[in-house]
Amino acid sequence: MELQKHSKNLNDTVDRLSDEGSYKQLFHAYRDEEALPSGKVLKEIVDLCRVILFPGYYGNARVSKQTIRFHIGVNITTLHTLLSKQIYAGLCFADTAHRVCLEEKIFAEAESLSEAFIQTLPEMRDLLATDAEAAFNGDPAAQNINEVIFCYPGFRAICSYRIAHQLYRLGVPFIPRMITEMAHSETGIDIHPGAQIGYYFSIDHGTGTVIGETSVIGNHVRIFQGVSLAGEKLPPDENGNAIRGVPRHPVLGDHVTVYSNATLLGRIHVGDGATICGNVWITEDVPAGATIQLTIDNGQLTIEAKQEETIQ
């Protein structure tokens with residue numbers, strides 16, 4: 001009798017969960033040739049990119065100047081194969097209209113996108129070299145650049161962002177966001193792949209740092225843990241839907257420093273050479289060379305702006 005009771009309860013639950021009204025916006029219908037992008041394989045892809053970009057730091061192979069071309073060649077071939085399949089899965093998953101399209105045509109597009117991404121790796125390495133140098137120069141605790149590349153979570157998150165950003169620029173769906181969210185889980189640093197970030201960028205410590213989709217960050221910028229470059233909440237459109245695809249995050253000029261737990265909200269502009277001290281909430285433009293800090297005067301807490309000479 002007890003068994004029959006449990007069976008009825010379980011069957012009732014199955015019926016409720018199988019009702020189309022329950023799952024209509026949460027169900028993805030597969031085509032025969034389709035597969036979802038794999039987080040496990042994407043981790044392998046990111047690791048492969050690190051092996052290629054920083055030979056000798058990652059991977060098990062002992063690389064020398066005599067064997068480096070061979071190792072990079074093997075890894076590039078593997079990367080192209082794995083990435084092509086994941087991009088293909090992403091393209092299929094993004095095709096919610098279920099267009100009639102030959103599998104060969106979709107896979108050819110995926111292979112082309114994978115090749116285009118791989119062609120950007122030399123420039124990406126040059127860019128990441130500036131990020132590693134910036135982290136080392138900005139942190140007296142760093143013993144050498146090797147420690148930055150191998151150990152620092154800020155640099156690790158930036159590396160994942162640079163990889164994801166190139167895929168984002170190529171129009172690859174889903175995969176860029178998956179890569180940055182994997183880095184977010186690993187490091188506590190959340191960088192949207194759509195953000196635009198210049199060279200010599202560093203994140204010190206980094207836990208809790210958030211950089212939103214339409215953020216623009218100049219060159220030689222340094223930010224600390226808990227910093228949020230947050231998007232302004234826009235009013236809905238005439239149909240009551242959220243407005244998407246418009247700039248709503250801060251723009252930081254060159255040589256800007258933002259200290260821990262500062263929040264910069266909306267499409268504000270922070271001028272070159274400005275310093276944002278910790279624990280402030282900024283919703284207006286900051287002039288070039290200014291220092292924004294909290295001060296306490298006679299028990300009153302205020303935000304003080306000091307104008308300094310702009311860094312040239």
Send over the per residue convex hull volume for the stretch 33-189, Cα only, as a whole number of Å³.
116
Ranked highest first by the average count of other Cβ atoms within 10 Å around their residues, in what order do 271-280, 231-240 fall?
271-280, 231-240
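Only Cα pairs under 8 Å and at least 6 apart count here; give the relative contact order of the chain as a rounded whole percent.
Values: 559 pairs, mean separation 28.9, N = 312.
This gives 9 percent for the chain.
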Within the stretch 66-95, whose backbone N sits under 15 Å from a point 7 Å along Cα→Cβ of residue 44?
75-89
Place +1 on the Cβ of every Lys and Arg and -1 on the Cβ of every Asp and Glu in the stretch 88-179, take the dipole about the Cα centre, and give the residue among 94, 150, 168 whose Cα lies farthest towards its positive end.
94
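Rounded to the nearest 0.05, what FRET efficiency is calculated for residue 105 and residue 36 with R0 set to 25 Å and r the Cβ-Cβ distance?
Working: r = 20 Å, r/R0 = 0.80.
Once rounded, the FRET efficiency stands at 0.80.
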Need one number: the % of Cα-Cα pairs in the chain sitting beyond the 33 Å mark.
39
J(HN,Hα) series, the stretch 185-199, from Karplus relation 6.51 cos²θ - 1.76 cosθ + 1.60, nearest Hz, glycine and proline x
5, 7, 10, x, 10, 10, 10, 5, x, x, 4, 10, 10, x, 8
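Please give me the summed charge of the neighbours of residue 181: other residues whose Cβ is under 12 Å from its Cβ, Lys and Arg +1, Asp and Glu -1.
On the way: positive: 43, 177; negative: 186, 190.
Taking every Cβ under 12 Å from that of residue 181, the sum is 0.
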Relative to the present Cα-Cα distance, how much length would full extension add between residue 281 and residue 137 at 0.36 nm per residue of separation?
49.1 nm
Report the full-extension gain for the segment residue 10 to residue 119: residue separation times 0.36 nm, less the Cα-Cα distance, to one decimal in nm.
33.9 nm
Give me P(r) over the stretch 39-80, computed from all C-alpha to C-alpha distances, binned every 10 Å, as integer percentages.
31, 57, 11, 1
Local net charge near residue 193, Cβ-Cβ under 15 Å (Lys/Arg +1, Asp/Glu -1):
0
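Of the peptides 15-22, 109-116, how do they stack up when ordered by the mean number of other Cβ atoms within 10 Å, highest first? The partial results should precede the final answer.
Working: 15-22: 9.2, 109-116: 17.1.
The densest-packed peptide leads the list: 109-116, 15-22.
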Longer than 20 Å from Cα to Cα, which of 65/85; 40/85; 40/105 are they? Say none if no pair is.
65/85; 40/105
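Read-outs throughout are calculated quantities, based only on the coordinates presented, and are distinct from any laboratory measurement. These numbers were taken from a predicted model, which means no experiment stands behind them. Note that we place each Cβ from the backbone using ideal geometry, even for glycine, and neighbour counts take in every protein chain shown.
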